[in-house]
Amino acid sequence: MTILGGLGFTAPWLLLGLGALPILWFVLRAIPPAPIRRKFPGVALLLGLTDEDSVSDRTPWWLLLLRMLAVALMIVGFSGPTLNPKENVTYPNPLLILFDGSWANADQWKANLEFVSTEIETAGRASQPVAIVQLTHPEKPVFQTADAWQIRLSNLTPMPWLPTQIQINEFIQTLDTTQFDTLWISDSLNHAWRNTLLAALETYGQVRVLQSTSPLFGLTSAKFDSGIINVTVVRSQTVSEQEINVLAIGTDPTGTERILGAKTANFKQGDSNTQVNFDLPIELGNRITRFEIQTTRSAGAITLTDDNLRRREIVIVTVREEEGPELLSQNHYLERALSPSAEIFSGALLDLIPANPDVVILADVVTLTSNEETALTDWVKNGGTLLRFAGPRLAASNLSRVEEHPLMPVRLRAGGRRIGGTMSWGEPKKLSPFDITSPFFRLSIPDDVTVTTQVMAQPDPRLSERVITSLSDGTPLVTRKFIDQGQVILFHISANAEWSNLPLSGLFVKMLERLSISRPTKPPNPEDLESMTWSPNKILDGFGHLNDATNKPGVDGAKLISGYLGPDFFPGIYQHQERRIARNVLKAGDQLELTEWPSYIKVESPLDKPEISLGGLLLACAIAFLFIDVVATLALSGRLFIFKSANAVSILLALTLILTSKSVQASDNDELAMLATSELILAYVVTDNPEIDNQSKAGLMGLSKALFNRTSVEPGNPIGLNLEHDDLSFFPLLYWPITPTQPTPSAEAYLRLNAYLRSGGMIVFDTRDADIPATSLLTPNKKQLRNLTKLLDIPPLEPLLSDHVLTRTFYLLQDFPGRYISREIWVEAMPSSNAQQIDGITFHTLNDGVSPVIIGGNDWAGAWAVDNNGRPLLPISRGFAEPRQRELALRFGVNLVMYALTGNYKSDQVHIPALLDRLGLGQ
Amino acid sequence: MSVHLSLNQQAENEVANFPPLLLKAERLATTVLLGEHGRRRSGLGDDFWQYRPAQSDDSRRLIDHRRSATSDVEYVREREWQIAQSIILWVDQGASMRWSSKSSLPRKIDEARLLALAIAILAIRGGERVGMPGNNLPPRREKHQIERIARALSFDAPKDYQPPDHNIMTSHARALFISDFFGDLSEIRQSITIATQRGVKGVLFQILDPEEETFPYRGRTIFDSIGGTIRHQTLKASELQSHYLDRLRERKEKLTDLVTATGWQIGMHRTSDNANVALLWLYHTLYGGRT
């Protein structure tokens, strides 16, 4: 390819033809326009007349120019012009494609994959094997044919961590001696191992680098700072001023995710980080689940929030108290301990319970009215934490004395005990070290914390499991009881300093933190969390999607804070008992540094515009010009208006009709309703692919005909439905073929779909790809199916069992072929308890519904499809057995419709003897 | 055989045209109100004119005895002079007439045939004799003559420009020559001269298409005559326009000169104009003021 002025030409010599244009100009000028032949009786009068001017009517200059342009465009078009030409890359060696594959790649992932795809294609054309390695998940490079990798390419996803030095070392060791060239898809972050790996790779061959030039952004952990949430935004480039939107996202009271706040982060020139402050009402602030950068899609651009950002609402129930010094007040120390990190409300219990606080503290409150008691019990059962403190009144009361009070964790002995006072013997007791099962495990106990007075727990078989802290002599100090989702915690001491100096110590605050009653003011120390196993609750993937953490291993507490993220440790939200800690990709203080490549390395960008061949465009322009020339020439010579104007009008009218007919077709819902309810009608979902739509229509047509001929179901012509605005509720069955490029329906469409499914509708999903051998790979159709059904209300599924009603609603079937014969068909899972054994055959009596979805990939519509004459449209995969397979496909279709219409009728007990008879098992 | 057949077929096709032509011509003819045709003086004729006293040079045979018997004087019954005129129709059936510039306009030949036939119908109703030159159609005054004329008018002549036929030209007849007169002027002059020598007076009626009078052509054009025998090519048709119009005017002047020299009259009709007007003009020119 030759590059001339930014354009590449595949056949540059053709451009010399442009030199002939002036000659053409003269020739075109010299040649008169073709004569018109006219019949004219008056020609006799013309005889002998000569033209005064021997030059004919000149072609007008603009027409000449048009022609010249057309010719010039043709010459340039044929010379193969290419926009954004790329230098030819040769592939003398096998090609190793090395992805950093970290979250920093995520935003450019698609562009990278496209680039790599063309790269693999060219390598394939040079018949060089290709290997792909993701450094975040390094494996020994396996060189395979380009095609093999091309298929697997789409399954690569960026990981939400960065490659570690250890992974790199492992990877370098796996390399053997064969030569290969490397295409390194860099995540553009600076890594310590970058140069080591580069040196290692260069011993094997050339290294090219693909690196995005667009700046990276990240969010580090969010912090509370005097009531305001601080989020730090970091960026990779520091050159220009920039504005970035940061969104606070959380759930609204109905549980749907919403943007709760948005702030713009302003980067000044030279700044690599900046802060945004969210000042939200506590109700909103507590709902925030994550912050994310609006425009960037990567795990680094998301910071998850945990307990640190939750300001708890705490109700301290006040009782009438004698006027006295504040320091003697039961609540004073609690308020002091909790106020920095929580919202404290005090007042009457019945007023505050409806606000659903997180914690209610009863400090030496004994008497509750029965109304208050039930309200409090209900609230605890729904997840509230009731924190009680002992005190003189509790000690003096009969509460929980004989029988355990529902709102007390233990029974109490009368009176309590007093130690180490002037009137009592013994030393004030110290706390015994916290047990590993205690939530206070690893909190250090200051030496000077002593307890002088306490209420005593009645010995009880269940006492030991309720004790979470005890004194050095083994008497319980803090006890806890779980009630449904909530808990009741009793400190056996008073909340003021009268009975113990514990409320004065820092330990008291930490204990409250551990009980999730207050929010930790500082991030937890790794040591504090050591040897606790934290299980993942939600994890982030590389793109920053928050997923459920299914079968991901738990993580040790120390690692959670300071360990490296990796395949066994995803970023996400981790939970231990009541506490939740978010581990984000970027930690506070992290910076995004760009990597510097040695100058001899060629760095390309995936955003380099792809090569665009302009030839076709130019030739099309040339043809358009020539067409204009035709019209212009005709007009000049007076031959244009051969058509009468009426014809032209009718042509225009026809054109507009064609154009508008579409919109006319999109008739209003009333008409659809009339149509759909006048007859039974099978419907299919209109996709983005008209060919598939036609096939669905033809398929349902074939099925409708079969139903008409064979059964008492006599459907009308099938209808295509647009999920966005058509009412689905009239159709018993919706056939939904999946195409990989299908757009995801809107939220309203999903609402309608879910309503449809809940009200007894049935959707048959057909991925139409059962011919692709089932490997571990996801086909694009299946992937899209997952995408589409993510928001659908679909019950658990199971493969279609051989005793499912679907196998006998009309025909007795064991195979469900379409154009393909995969047996992998999924229907709603049947509760196994409903299975009944009757004469050796299992019958499931499902609740009255029909499985709302049937998922398969056999391209049933393809097998059912008939043309207007009733002949099959598409060939079926197997040649000789074709008629049989088509028949079985139709039978499945019949069964399907019967199933949709009659539900579990056929699995009704009444029919079992008859069915058994027919199955030959009755006698 | 095949030539004969095709000729025959062509003739039949053409003849098939003539009932509608006839009908049209009759309808057109009804638009002209027939005036008095009697010569309003005594002469040869069938109708009674007057009785007059016989004079000495009257033949005895002429004496009307029935009248004479009522009185003493011998009367002679005079009849109105009713000399029937002969009208010779000639329509140029050459190829040049078979053309119209637009499909919405009638062809020149259609207009010519229509007018000729309408005149024939009017003439025969008026008791005149109508004939055509050269077609074995001497002037007659029967009803059938109209059909014969119509049939004779239905044949296309192959030549581009057909000269007027002057072979059988009844003396002292009136003549109507309808053509575009684009053909050789000398032949037309000769025909008219011969006709005039035989005492025939008449009308030259030129039928032209509007485009033949405006020449609205542009650009490089090849003009073909309808028969394809004459061709003229020009590079700039627009420049020819003035020349053509000059020549057309010149031709008309020559025709007028010829007509004034011979005592004939000349008329002009455009196919875009109403045929009634042309017919009325023709009727009055042929009969009017000649009582």
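The values are calculated or read from the model by the stated rules, or taken from the named source; none is laboratory data. All values derive from a computational prediction rather than experimental measurement. Positions of Cβ are generated from backbone atoms using ideal geometry, with glycine treated the same way; all protein chains shown enter the neighbour counts.
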Problem - Residues of region A:854-884 satisfying the condition of being among the β-branched types (Val, Ile, Thr) and at pLDDT 85 or above - result: A:ILE854, A:ILE855, A:VAL866
Exercise for the section: Could you list, in sequence order, all residues of region A:414-473 that are surrounded by fewer than 14 Cβ atoms within 10 Å (Cβ to Cβ) and not in a loop (DSSP other than H, G, I, E, B)? Expected result: A:SER464, A:GLU465
Exercise for the section: Out of A:LEU636, A:LEU586, A:LEU594, report the one residue that is closer than 30 Å to A:ARG67 by Cα and either of a type in the set (Asp, Glu) or touching a Leu at 6+ places or on another chain (Cβ under 8 Å) (or both). Expected result: A:LEU636
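A quick yes/no check of all residues on (1) assigned by TED's automatic domain parsing to the domain that holds B:THR30; (2) part of a loop (DSSP other than H, G, I, E, B); (3) in contact with a Gly (Cβ under 8 Å, 6 or more places away or on another chain); (4) crowded, with 17+ Cβ neighbours inside 10 Å:
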| position | (1), (2), (3), (4) |
| --- | --- |
| B:ILE121 | yes, no, no, yes |
| B:ILE124 | yes, no, no, yes |
| B:GLY131 | yes, no, no, yes |
| B:PRO139 | yes, no, yes, yes |
| B:GLU142 | yes, yes, no, no |
| B:GLN145 | yes, no, yes, yes |
| B:ALA150 | yes, no, no, yes |
| B:PHE155 | yes, yes, no, no |
Practice task
Assess whether B:ILE230 counts as being facing chain A (nearest Cβ under 7 Å), out of contact with any Lys or Arg (no Cβ under 8 Å at 6 or more places or on another chain) and in contact (Cβ under 8 Å) with a residue 40 or more places away in the chain.
Solution key: yes
Handout entry: Filter result for the condition that a residue is among the β-branched types (Val, Ile, Thr), more than 17 Å from the chain's Cα centre (by Cα) and under 18 Å from A:ASP688 (Cα atoms), over A:THR739, A:THR807
Key = A:THR739
Exercise for the section: Would you please name the residue that is nearest to the other protein chains (Cβ to nearest Cβ), looking only at residues in region B:213-223 that are within 23 Å of B:ARG270 (Cβ to Cβ) and surrounded by fewer than 19 Cβ atoms within 10 Å (Cβ to Cβ)? Expected result: B:ARG218
Practice task
Identify all residues within region A:87-120 that are over 16 Å from A:LEU156 (Cβ atoms) and of a type in the set (Asp, Glu); write none if there are none.
Solution key: A:GLU87
Exercise for the section: Could you please find all residues in region A:733-768 being modelled with pLDDT of 85 or more and assigned to a loop (DSSP other than H, G, I, E, B)? Expected result: A:LEU733, A:ILE738, A:THR739, A:MET762, A:THR767
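Every residue, every condition in (1) in the same structural domain as A:GLN165 (by TED's automatic domain parsing); (2) in a helix (DSSP H, G or I); (3) modelled with pLDDT of 80 or more; (4) of a type in the set (Gly, Ala, Ser), yes or no:
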residue: A:GLY8; (1), (2), (3), (4): no, no, no, yes
residue: A:ALA20; (1), (2), (3), (4): no, yes, yes, yes
residue: A:LEU24; (1), (2), (3), (4): no, yes, yes, no
residue: A:MET68; (1), (2), (3), (4): no, yes, yes, no
Practice task
Examine region B:118-128 for a residue that is under 15 Å from the mean Cα position of the chain (by Cα) and free of Cβ contacts under 8 Å to residues at least 12 places away in the same chain, and state whether such a residue exists.
Solution key: no
Exercise for the section: Return the residue satisfying two criteria in turn: it lies in region B:137-176 and is among the basic types (Lys, Arg) and away from every other protein chain (no Cβ under 14 Å), and of such residues it is farthest from B:PHE205 (Cα to Cα). Expected result: B:LYS143
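In region B:244-271, which residues are away from every other protein chain (no Cβ under 14 Å) and of a type outside the set (Gly, Ala, Ser)? Full working, then the answer.
Keep residues of region B:244-271 that are away from every other protein chain (no Cβ under 14 Å), which gives B:256-269.
Correct list: B:THR256, B:ASP257, B:LEU258, B:VAL259, B:THR260, B:THR262, B:TRP264, B:GLN265, B:ILE266, B:MET268, B:HIS269.
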Exercise for the section: Among the residues of region B:234-291, count how many are under 14 Å from the mean Cα position of the chain (by Cα) and free of Cβ contacts under 8 Å to residues at least 24 places away in the same chain. Expected result: 2
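Just wondering, is there one or more residues in region A:579-593 that are small (Gly, Ala, Ser), outside any helix (DSSP H, G or I) and touching a helix residue (DSSP H, G or I) at 6+ places or on another chain (Cβ under 9 Å)? Walk me through how you get there before you give the answer.
Of the residues in region A:579-593, the ones small (Gly, Ala, Ser) are A:582, A:588-589.
Retained after the next criterion (residues that are outside any helix (DSSP H, G or I)): A:582, A:588-589.
Retained after the next criterion (residues that are touching a helix residue (DSSP H, G or I) at 6+ places or on another chain (Cβ under 9 Å)): A:582.
Yes: region A:579-593 contains one or more residues that are small (Gly, Ala, Ser), outside any helix (DSSP H, G or I) and touching a helix residue (DSSP H, G or I) at 6+ places or on another chain (Cβ under 9 Å).
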Practice task
Inspect region A:784-801 for any residue being crowded, with 22+ Cβ neighbours inside 10 Å and touching a Lys or Arg at 6+ places or on another chain (Cβ under 8 Å) and give the result as yes or no.
Solution key: no
Practice task
Tell me the helices (runs of 4 or more DSSP H) entirely within region B:180-291 that contain at least 1 residues that are charged (D, E, K, R) and either at pLDDT 90 or above or closer than 30 Å to A:ILE31 by Cβ (or both).
Solution key: B:210-214, B:237-262
Fill in the blank from the handout: A:SER661 meets each of (1) assigned to a helix (DSSP H, G or I); (2) modelled with pLDDT under 80; (3) under 30 Å from A:MET762 (Cβ atoms) with one exception, condition (3)
Problem - Neighbours by Cβ (under 6 Å, 6+ apart or cross-chain): first from region B:188-212, within 14 Å of chain A (Cβ to nearest Cβ); second part of a strand (DSSP E or B) and of a type in the set (D, E, K, R) - result: B:LEU208/B:ARG270; B:PRO210/B:ARG270
Exercise for the section: Hey, could you check region A:132-185 for residues that are over 30 Å from the mean Cα position of the chain (by Cα) and among the acidic types (Asp, Glu) and say which is surrounded by the most Cβ atoms within 10 Å (Cβ to Cβ)? Expected result: A:ASP181
